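Beneath this line is the structure, given in structure tokens, with notes to follow.
The values are calculated or read from the model by the stated rules, or taken from the named source; none is laboratory data. It should be emphasised that the depicted structure is a prediction, and the values quoted were computed from it without experimental measurement. Neighbour counts are summed over all protein chains in view; Cβ atoms, including those assigned to glycine, are modelled from backbone coordinates with ideal geometry. Side chains are part of the model used for accessible areas, which takes the heavy atoms of the whole protein and leaves out ligands, DNA and RNA. Shrake-Rupley method; radii C 1.70, N 1.55, O 1.52, S 1.80 Å.
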Amino acid sequence: MKRVLILFLLASGVLSFIAISLEGIPVQEPPAHSQKIKIFLDLAGESELISLAKEQLLEAFSKIENIDVVEEIGEGVSYVVSVVLVEARAGTDRQKTGNIAACIQYIDYFDNSILKSDVAVSNWERVDNLTENLIEHSQTGLHLFPKSDLENVASRVVSKFQTLFLEKEK
């Protein structure tokens, strides 16, 4: 019986030592570049077109590993992709033509909810410059395409986004 107790105490001691040793090993955080980049996808226009475009754009963005598309601006949002869709109409009765005009803007997001009264006077110029830079560095494009080509346009939107922003993140 003594041997069993001694073996049990030895095994408990060894296991305790191993557990304490493992607690001392630092946990490595994943590298910053592996974290997902949050993009706010802002869609406006005719509701039928929005639902079609949203589906296509979400699918196109999902093909990029480190992108997380959100539907509201919140903490951690880095970029805004804003898309306005309108279906062309023709004639006196304003019949839909099946062609779509899309205005797409890519914005390096800056939270402009800061008011001048909240910022020391000496810092306001810097905040104002950041806002001005945001406007200057926004990329806007107008696309005209048939309604049946929405998937191709969505992939071009994502490709342009990658060119503008993701390549500079590397």
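Of the numbered criteria (1) surrounded by fewer than 15 Cβ atoms within 10 Å (Cβ to Cβ); (2) at pLDDT 65 or above, the one Val153 fails is (1). In the range 1-59, what count of residues is obtained for those that are open to solvent by less than 80 Å² (accessible area, probe 1.4 Å), among the aromatic types (Phe, Trp, Tyr) and at pLDDT below 85? The qualifying residues number 0. Take Glu71 and tell me if it is open to solvent by 100 Å² or more (accessible area, probe 1.4 Å) and either farther than 30 Å from Phe145 by Cα or modelled with pLDDT of 85 or more (or both). So Glu71 fails the test. Being within 28 Å of Leu166 (Cβ to Cβ), touching a residue at least 24 places away in the same chain (Cβ under 8 Å) and in contact with a Lys or Arg (Cβ under 8 Å, 6 or more places away or on another chain) is the requirement here; does Ser82 meet it? Here the answer is no, as Ser82 does not meet what is asked.
Taking each residue of the range 41-55 that is touching a residue at least 60 places away in the same chain (Cβ under 8 Å) and over 19 Å from Asp68 (Cα atoms) and looking for partners that are part of a helix (DSSP H, G or I) and open to solvent by less than 50 Å² (accessible area, probe 1.4 Å) with beta-carbon atoms closer than 6 Å, six or more apart or interchain, yields Leu52/Leu150.
Tell me whether the range 82-90 contains one or more residues that are of a type outside the set (Phe, Trp, Tyr), open to solvent by 40 Å² or more (accessible area, probe 1.4 Å) and in contact with a Cys (Cβ under 8 Å, 6 or more places away or on another chain). Yes, there is a match, as at least one residue in the range 82-90 is of a type outside the set (Phe, Trp, Tyr), open to solvent by 40 Å² or more (accessible area, probe 1.4 Å) and in contact with a Cys (Cβ under 8 Å, 6 or more places away or on another chain).
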